[in-house]
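Following: one structure in structure tokens, then a few remarks.
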Amino acid sequence: MLLSTIGLLLQLLGAQLPDTAAVLRAARTAQERFESSRRARLPIEWGGGSGGRCDARIGRYCYWYDSSETKPVPESRSIVDARERLIAELDSGARRSPKDGWIAGQRVRYLLEARRADSAFSAARQCDAEHSWCSALAGLALQVGERFTAADSAFAAALEAMPEPQRCDWLDVRELLTARLAKQLDRADCAERARIGDRLAILGQPLWMTPGHDWRTEIFARRTMAAILSHSINPHGTWGDDQRAMLMRYGWPEWFTRSEAAGLYATPNVSGHDREPSYDVFPAVASARAPKLTGDVWRLRAPLAQSRYAPRPLERLGALRHQLARFPRGDSMLLAVRYATADTALDRDSAAAVMSALVRDSLRRAPLADSGGTIMVPAETLIVSVEVLGRRSRHAERARYSLDPLPRAGSAVLSDLVLYAPDAGTPQSIDAVLRRALPALRVSAHEPFGVYWELDGVPHENAVLSVTVEPLRVGAMRRVAARLRLAPELAPIRVRWQSMVAAREAEHVTLRMPANARGAYRVVLTVQQVSGRQLTSSREIEVVP
């Protein structure tokens, strides 16, 4: 009697438990039904496409970057309603089978498609599959929701829970790098690849003033989305390695269009459209292990790029006009900057500005006010980034490059030069000069400009100081005209005097360019000490009419 009762209870309990395989089959069928319906109802793109151009041929697909920034075409109401019905079925499947990772991933995917990032994060938190997978889904939802610090924490938890081989794959960024840089990492072990990849991701982060590490977490978000899309249907059809390569390099499409079928039985071509504008954020450096950033390593708008990133907090990213100078402060340096934006949207906006320094993989930040400011950093090689972001327009400008310590001659060290617009007063401090510094490094012909510097660590002695302003490039026509005496020769301007130099001395001189001066010039300051040691500092300027 007891055994038969237990058997009856087990039969009743089994009848109440869902058949997880049946739940998964129903979810897959619902997804296939939606994707088939969506494909047939996608908006038609008249006269669109690449026009025969391919920036990259990846498997079955042609990828091109449209810098004209096409506006998204809205979906039809029928697609929106069909997606909501699919989400409801996935919600039901997740309740009946909470440990199914496939259902959890598709649920997050379609909620993000519906622009419901908060709901996607809630769905990820309800996930009861493997811990690493559920944490990665939470990181994906947080990344799309622009909660980058929280996304960083979620992906850190996912990485910690992963088996070692999977973690190594997730930390490997070679597929996003140029062939030259990727080859340098081929022989590196997992730990070194992770370290170099992490540093390159920090260098590639569009704005260091953004909390978190949004480019690094974007890479993890792409890996998560690639895992979601594998073994599932998408508007292009079945998933393949070529689609994965495109997603990892350029991100996943956020809207789709189709072209009209060419024949009676032809299938329409579907185009996926990524977020725009999209940038080549990795610096074009020669070494992945010791990247040296100069002004020409950033090719944000390069038409051909191994990988791209469209930062969600930004609508525009451009170059910032600025003048930055280093000043000696014992074993530290004072960095002083003056900037001016070129984007008119930023001029009309309430903008935030920050100067950041990457010192031994640690970021230091200082807010900037009144178009300039300072930050104290160690006197060592570092990377500086000056950034301005419009709060409403979401337009940004930045300048980012490597800085070395100021050169020394014995105990003496000479600051950088600051070029400024002089007035009736004499500059008494860096702050006073900074307010009048020339951010565009441009001066007008036969109008005066000032040159300011500091000299530190020199014994109390006489020194010879000289300033030279010399043309950098003289056009061929100008050289011919000068030889034929049809135009005056552009001779360098030289000023030389003797001065008594104290332990720390702030100096300045006012110069005026000739009326016929045009183009690029270099201002060079030379300090010749009695001991024979010499220090120089220079600054390039443009002379305009």
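The values are calculated or read from the model by the stated rules, or taken from the named source; none is laboratory data. Owing to the predicted nature of the structure, the values given are computational and were not obtained by experimental measurement. Methodologically, a virtual Cβ is constructed for each residue, glycine included, from the backbone with ideal geometry; neighbour enumeration extends over all protein chains shown.
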Where E160 falls short, out of the listed (1) within 22 Å of V384 (Cβ to Cβ); (2) over 22 Å from the mean Cα position of the chain (by Cα): (1)
Pairs only if they're at least six apart or on different chains, beta carbon under 7 angstrom, first in region 57-86 and without any contact (Cβ under 8 Å) to a residue 40 or more places away in the chain, second surrounded by fewer than 12 Cβ atoms within 10 Å (Cβ to Cβ) and part of a loop (DSSP other than H, G, I, E, B); list them, first residue then second. C62/C54; W64/R53; W64/C54
Can you say whether E192 is of a type in the set (D, E), assigned to a helix (DSSP H, G or I) and farther than 23 Å from K292 by Cα, as far as the supplied structure shows? no
What are the pairs with Cβ atoms under 7 angstrom where one residue, in region 122-151, is polar (S, T, N, Q) and the other, located anywhere, is part of a loop (DSSP other than H, G, I, E, B)? Sequence gap at least six, or different chains. Q126/P98; S132/M162; T149/P211; T149/G212
Against the definition (surrounded by 17 or more Cβ atoms within 10 Å (Cβ to Cβ) and polar (S, T, N, Q)), how does Q143 come out, yes or no? yes
With criteria (1) surrounded by fewer than 14 Cβ atoms within 10 Å (Cβ to Cβ); (2) of a type in the set (A, V, I, L, M); (3) within 21 Å of D361 (Cβ to Cβ), L185 comes up short on (1)
Here are the criteria: (1) under 28 Å from L200 (Cα atoms); (2) in contact with a strand residue (DSSP E or B) (Cβ under 8 Å, 6 or more places away or on another chain). Tell me which single one D404 does not satisfy. (2)
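So that you can scan it fast, the table gives a plain yes or no per residue for (1) surrounded by fewer than 18 Cβ atoms within 10 Å (Cβ to Cβ); (2) not polar (S, T, N, Q); (3) not assigned by TED's automatic domain parsing to the domain that holds V173:
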{"position": "R223", "(1), (2), (3)": "no, yes, no"}
{"position": "G240", "(1), (2), (3)": "yes, yes, no"}
{"position": "A284", "(1), (2), (3)": "yes, yes, yes"}
{"position": "S287", "(1), (2), (3)": "yes, no, yes"}
Can you name the condition, by its number, that Y309 falls short on among (1) hydroxyl-bearing (S, T, Y); (2) farther than 20 Å from A201 by Cα; (3) surrounded by 17 or more Cβ atoms within 10 Å (Cβ to Cβ)? (2)
Selected residue (criterion: nearest to D66 (Cα to Cα)) from residues of region 274-292 that are hydrophobic (A, V, I, L, M, F, W, C) and within 16 Å of the chain's Cα centre (by Cα): V281
Suppose we keep only residues that are in contact with a strand residue (DSSP E or B) (Cβ under 6 Å, 6 or more places away or on another chain) and among the polar types (S, T, N, Q) within region 513-535. Which one would you say is nearest to R408 (Cα to Cα)? Q534
I want to confirm something. Restricting to region 372-404 and keeping residues that are surrounded by fewer than 17 Cβ atoms within 10 Å (Cβ to Cβ) and of a type outside the set (S, T, N, Q), which single residue is nearest to the chain's Cα centre (by Cα)? R394
Kindly check whether there is at least one residue in region 521-541 that is farther than 30 Å from R329 by Cα, of a type outside the set (F, W, Y) and either under 42 Å from the mean Cα position of the chain (by Cα) or modelled with pLDDT under 65 (or both). no
Could you check region 313-330 and list, in sequence order, the residues that are of a type outside the set (K, R), more than 27 Å from H213 (Cα to Cα) and either touching a Phe, Trp or Tyr at 6+ places or on another chain (Cβ under 7 Å) or surrounded by fewer than 20 Cβ atoms within 10 Å (Cβ to Cβ) (or both)? G330
Could you tell me whether region 58-74 includes any residue that is surrounded by 13 or more Cβ atoms within 10 Å (Cβ to Cβ) and within 28 Å of A21 (Cα to Cα)? no
Looking at region 331-371 only, could you name the residues that are of a type in the set (D, E, K, R) and either in contact with a Lys or Arg (Cβ under 6 Å, 6 or more places away or on another chain) or crowded, with 18+ Cβ neighbours inside 10 Å (or both)? R338, D343, D349
Just to be sure before I move on: is D91 crowded, with 17+ Cβ neighbours inside 10 Å, of a type in the set (D, E) and more than 32 Å from the chain's Cα centre (by Cα) in the structure I sent? no
For region 292-335, what are the residues that are farther than 30 Å from T178 by Cα and of a type in the set (D, E)? D331
Which listed residue, of D186, D172, D242, is in a loop (DSSP other than H, G, I, E, B) and modelled with pLDDT under 95: D186
The residue from A517, A506, A463, A481 that alone is crowded, with 19+ Cβ neighbours inside 10 Å, modelled with pLDDT under 85 and not in a loop (DSSP other than H, G, I, E, B) is A463
